[in-house]
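The values are calculated or read from the model by the stated rules, or taken from the named source; none is laboratory data. What you see is a predicted model, and the numbers here were worked out from it, not measured in a lab. Cβ atoms come from the backbone with ideal geometry, glycine included; neighbour counts cover every protein chain shown. These accessible areas exclude ligands, DNA and RNA; they are computed on the full protein's heavy atoms, side chains included. Shrake-Rupley method; radii C 1.70, N 1.55, O 1.52, S 1.80 Å.
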Amino acid sequence: MTKTEMLLYQLKRKTRRRKITQAAVAGEIGISPKTLNRHLMSGDITLNELVTACDMLGLESRLDKKGEQT
């Protein structure tokens, strides 16, 4: 699993746990919910979008090899 895939996995988990909608995350990033969903499914997301989403959710961009936050 690549670092981007690990971050996307953690991003999805964190949004579910906090009950934050994809629309809210997409709005923070400045893209449509449909585009965010496409990014999450394909793993094709810009670094800026990924960092913005992680910042919104309080996720660190450093993950261990198992995909767990360090």
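Quick notes
- Split the accessible area of the chain by element, probe 1.4 Å, and carbon with sulfur accounts for 50%.
- With only the Cα atoms considered, the chain has a convex hull volume of 76 Å³ per residue.
- Label positions at residue 42 and residue 5, each projected 7 Å from the Cα along the C-beta direction, are separated by 1.7 nm.
- What you get for the chain, charging only the Cβ of Lys and Arg (+1) and of Asp and Glu (-1), is a dipole of about 360 debye around the Cα centre.
- Note on residue 32 and residue 60: with the Förster distance fixed at 30 Å, the Cβ-Cβ geometry gives a FRET efficiency of about 0.65.
- Computed 3J(HN,Hα) for the range 15-30, one whole-Hz value per residue from the Karplus formula 6.51 cos²θ - 1.76 cosθ + 1.60 where θ = phi - 60°, is 5, 5, 4, 8, 6, 9, 6, 4, 4, 5, 5, 4, x, 5, 6, x, glycine and proline marked x.
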